[in-house]
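To start, the structure itself, in structure tokens.
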Amino acid sequence: MNGCFGCWEQEKAALLQLKASMNFTADIDYLPTWNSTHKKSDCCDWEGVKCDNTTGRVIQLYLNYTIGWSGEDWCLNASLFLPFEELQYLDLFGDQISRWIPNEGFERFSALRKLEMLDLANNHFNNNILSSLSGISSLKILDLSGNILNGSFHIPAFSNLEELYLGGNEIDDFVTTTTKGSNNLPKLQVLELDQNKVNARIFKSLTTFTSLKILRMGGNNLEGSFTTEELSKLNNLEQLMLDGSSFDKSLLHKIGVMTSLNVLTMSYCGLNGTLPDQGWCELKKLQEIDLSNNNFEGRLPSCMANLTSLRVLDLSNNHFNGNSVQSPLSSLTSLEYLSFSYNNFSIPSTLSFLSNLSNLKILLSDNNILALEPDSLTWIPTFQLKVFILSSCSINIHNRTPPRFLHYQYDLRVINLSHNKFAGQFPNWLLENNTRLETFSVNNNSFTGSFMVPYDIRPNILSIDISDNHLHGPIPTNLGLIFPNLESLKMSRNEFEGSIPSSFGNMAFLKNLDLSENHFSGTIPMHFIMGCYNLELLLLSNNSFSGQIFPANSNWTNLASLHLDNNHFSGTLPTWMGNMTYLDDIVMAKNHFEGPIPIELCKLVYLRFLDLSDNNLFGSVPSCFNSSSIRFFQLNKNCLSGPIPSSFQNNSNLVTLNLRDNHLTGNIPNWIGSLSSLRILLLKANHLRGQIPIQVCLLQNLNILDLSYNKFSGLIPHCLSNITFNASAHDPSLSGLYSGGAYPLGLSSYLNTKSIIFEHLPYGINTFDGVVKDEEEAEFTTKTRTYSYKGDILEYMFGIDLSCNNLAGKIPLELGRMSNIRALNLSHNNLSGPIPVTFSNLKQIESLDLSYNNLNGKIPPQLTEMTSLAVFSVAHNNLLGTTPDRKNQFITFDESSYEGNPLLCGPPLRNSCTKMRPPSTMPVDNEGEEGDIFMDMGVFYISFVVAYITILFGIVAVLYINPYWRRAWFYLIEVCIDTCYCFVVVHYHKLFDFRLA
């Protein structure tokens, strides 16, 4: 025994024996501190072990997930715990326990006379487990949630059990063995049955638990009948939580008999209609109620005024309406928290109906209707709010200024007036008056003027969002000094100008900075770069910043999103960017960067979005970009050369590969087919050659394929028809990526008293939003124009452009199967043969360009069935016959669609088919059409050759017959030869003499 000098040797040996019984994977030790080699080590310091400070005996063991991480199961030997005679708390959560050694199960725990808490959650126990545990007479808390308990669950006697957790099983009812005047669980106060299969019958079974105070039955189907009498027997119940359960709405009528109830939560229960005006209003002790996220509608019942003890009321995300002035809310004078967000309430612009709520601390009123309230503009509130959210409201007033009562608020911690139509001068007074403000959001309004900071330091403020207004002027030079602990600053989409103040370097905790879409200029100050070493998001897009981006010794190791696009930055891309381990997206397009792409960028293993387009980068694309995380890769409009890099081979996550407008050479590699998620492939305007590989046909998820303005030759692959062009079947999305995250803030700290509801909420409100959306953008030529498709619209743009190459052969008939394609451009090639009749199946096509080829034959009349066609051109081919009927979309096409086909006639061409042939005496074919009026080209060629040979033989015959003409002919030839000889010799000597001189 060691007593107060450390753990007992017997218990140390027992711990080591317990560890040995666990089926660890050979190379993983989940209890490394439990080590027998250190004989002098104190086992009370081992991981998961807590001892009594006086006796040194083990009183708590935390073995949760000790086995669970390995994926193996633990064959329990309960006898190994018996040496811990003083054990009070045992946690075996998530240890994959499903069996035990025979006769060594939990019934052996009956010897642990002081065991009060046993956590067996997330294992594999069935209904027999409770009978094994019934001998532990000292047990007060038992957690069996997340096991495989099911059916009617028999509960044996636990005389001291106070809390029983059974959530995440498949229990549908209880079976209890009771004697007259007693029950199996006489002291049970807390029962948790979330996510089971219990129904309304459970209320009758629960009446035996007379001491029950807290009942949680969320996520169940409680449909069925229950009586008021059954509910009245739960007269000691204080908290009833039914979130996510379905039940009969009559519960609200009958629940008034549960007279001790002070907490009631019914969110996400699918309840609809109006709130009843009886029953639930009789709960005089009710302090907290949550009716959020249902489908309630209509006005609030007047009986709510009886709930004078109510401190927390959540009515958000319903369809309540009516004028809030006439609602009973003004009578709930004990309210500290009130949320009626996302409803259709008509709220007076002054919020005077809240004048009596002197205890109110949190008011959430966003997404309602803000209306004018006359003659009530000077009231002074009796409360001092800590949280006020009034965002995204419909405003039916002319005076669109913030509520006047805010002038009398001096203790605000969170204020959000965003996404309204508030106008007028920017409310700098809100920042000045509330010295303990933490979050300030007024984005997406119409405020004007300049942004001013308070005169004294405000160390509490964490987030400021003033984006999407009409603010102008420079950023205050002392902003970084006044807000030294600021974590998020968003000033985008305003009219600010000037440069970034060097005082930004004082904001060492700054994580998010968004200055995009303003008129800022100048260089990035060194003090800012060195001081803001916690930056995670830096957005400077669409300004006029210039110079080098960052020095070599910057320390932004936490940076995840870097957006510098559309500025005037210059110089080379810094190699140290490869040290920004967490970079997720880089957007530096439309600047003046030059030089090669640094290979250090290949170290960014988390990089998903890279856009370096529209710069002056040269050299080859680094072949080391082999990260499987890259999804959007855009290097278009640079001066890059060399082949398409093999670094993307087998990248199943790549969505966009945009290398257009460069100087790339070589062929399209065969591994292109391994890019199974590729949806946009843009290789336009390079120097690529060779045949289009059939592996392109494996890219069945493609939206846009652009290979135009290259030197491709050979045939068009027939298998291109395998591309589905189906938006609904495509994943991942082309709308872009979301980076960063939101920062939730718990609300309970702003209340005067503790809230049960807030303790169980998995979320709060966002102090600031650090989410950045990287929108994918692609240029594609259709309808004779180049359009830039961005965001969601890319999902519905399908097109192929193979124009301006050297492709030959016939157009594959199979291309007519691409029924969803919207643009097809095969112009400026050497294609021959007829236009496929199957093109009439392209019902969604809007642009079809087959011009400047060698196509022949007639234009299929079935093409008029392409009713979505807006642009059509077969100009400059060898087509013949009549133009298609002037109907549907074809009535809109003019002469330019058909020009350059001399054997083509009919409107809208000027040459009429009737003028090009005599009155019809030709035979009629089987289809009832006249024979072809034009000369067959084969006959024309044969006639020409015969005529040429005839004339040649005629000349030879004349010279043979007439000797005079024969002598004159040979004399003429001799003179021509002599003249040419003299000319060459004379000029050769002159040139030779000139070189010698």
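The values are calculated or read from the model by the stated rules, or taken from the named source; none is laboratory data. From a predicted model like this one, the values you see are computed outputs, not experimental measurements. Glycine also receives a Cβ, built like all others from the backbone with ideal geometry; neighbour counts cover every protein chain displayed. Areas reflect the complete protein model, heavy atoms only, side chains present, ligands, DNA and RNA absent. Shrake-Rupley method; radii C 1.70, N 1.55, O 1.52, S 1.80 Å.
V58 contributes an accessible area of around 0 Å² to the protein surface, as traced by a 1.4 Å probe with all chains present.
Each residue of segment 97-113 is assigned a 3J(HN,Hα), and the resulting list reads 7, 9, 8, 8, 4, x, 6, 10, x, 5, 4, 5, 5, 4, 6, 8, 5 Hz, derived from the Karplus form 6.51 cos²θ - 1.76 cosθ + 1.60 (θ = phi - 60°), x at Gly and Pro. For G619, the residues whose amide H sits under 5 Å from its own are S641, ignoring neighbours fewer than 5 places away on the same chain, with H placed 1.01 Å from N. Taken as Cα centroids, segment 139-172 and segment 552-597 sit 57 Å apart, rounded to the nearest whole angstrom. Between the residues P902, L332, M580, the greatest Cα displacement towards the positive end of the dipole of the chain, with unit charges on the Cβ of Lys, Arg, Asp and Glu, is found for P902. Computed over protein heavy atoms with a 1.4 Å probe, the accessible surface of the chain works out to 44 Å² per residue. Helix 937-961 axis versus longest C-alpha principal axis of the chain: approximately 30°, rounded to the nearest ten.
Given an 8 Å cut-off on Cα distances and at least 6 residues of separation, report the relative contact order of the chain as a percent.
Numbers: 2550 pairs, mean separation 31.3, N = 997.
Reported as a whole number, the value is 3 percent.
Listed values (1) 67; (2) 42; (3) 59 include one computed from this model; for percent of Cα pairs over 39 Å apart that value carries the label (1).
Each of N147, L313, N183 was placed along the dipole of the chain (beta-carbon charges, centred on the mean Cα), and the one lying farthest toward the positive end is L313.
For the chain, the longest principal axis of the C-alpha atoms and the axis of helix 9-21 are separated by about 40°.
Computed over protein heavy atoms with a 1.4 Å probe, the carbon and sulfur contribution to the accessible area of the chain reaches 52%.
Using a 1.4 angstrom probe on the protein heavy atoms only, line up W429, W671 by accessible area, largest first. Before the final figure, lay out each step's value.
Numbers: W429 65, W671 40 Å².
The ranking, largest first, comes out as W429, W671.
Positive contributions from Lys and Arg (+1) and negative ones from Asp and Glu (-1), summed over other residues with Cβ under 11 Å from the Cβ of S339, come out at -3. Taken as Cα centroids, segment 627-692 and segment 848-908 sit 35 Å apart, rounded to the nearest whole angstrom. Within the full protein context, the accessible area of Y789 is estimated at about 30 Å² for a probe radius of 1.4 Å.
Farthest towards the positive end of the charge dipole of the chain, among the residues Y342, L489, T864, is the Cα of T864, using unit charges on the Cβ of Lys, Arg, Asp and Glu. Close amide H partners of N478, meaning residues 5 or more places away or on another chain with modelled amide H under 5 Å apart, do not exist here. The heavy atoms of D42 offer some 50 square angstrom of accessible surface to a 1.4 angstrom probe. Sorting T54, T439 by solvent-accessible area of protein heavy atoms yields T54, T439, largest first, with a 1.4 Å probe.
Give me the angle, in degrees from 0 to 90, between the Cα long axis of helix 963-996 and the longest principal axis of the Cα atoms of the chain, rounded to the nearest 10. That works out to roughly 60 degrees.
Computed 3J(HN,Hα) for segment 289-295, one whole-Hz value per residue from the Karplus formula 6.51 cos²θ - 1.76 cosθ + 1.60 where θ = phi - 60°, is 9, 10, 10, 6, 6, 10, 10, glycine and proline marked x. Taking amide H as placed 1.01 Å from N in the peptide plane, G809 has its amide H under 5 Å from the amide H of S832, each at least 5 places away in sequence or on another chain.
What is the packing order of peptides 490-497, 412-419, taking the mean over residues of other C-beta atoms within 10 Å and listing the highest first?
Working: 490-497: 19.9, 412-419: 22.5.
Averaged packing, sorted descending, gives the order 412-419, 490-497.
Scalar couplings 3J(HN,Hα) for segment 411-422, obtained by applying the Karplus form with A = 6.51, B = -1.76, C = 1.60 to θ = phi - 60°, are 10, 5, 10, 10, 9, 9, 10, 6, 6, 10, 10, 4 Hz; x denotes Gly and Pro.
Heavy-atom accessible area, probed at 1.4 angstrom with all protein chains present, ranks D849, D248, D277 as D277, D248, D849, highest first.
In debye, nearest 20, what is the charge dipole magnitude of the chain about its Cα centre with +1 on Lys and Arg Cβ and -1 on Asp and Glu Cβ, if you could check? All intermediate terms of the calculation are to be shown ahead of the outcome.
Details: 65 positive and 91 negative charges, 212 e Å.
Around 1020 debye, computed over the chain.
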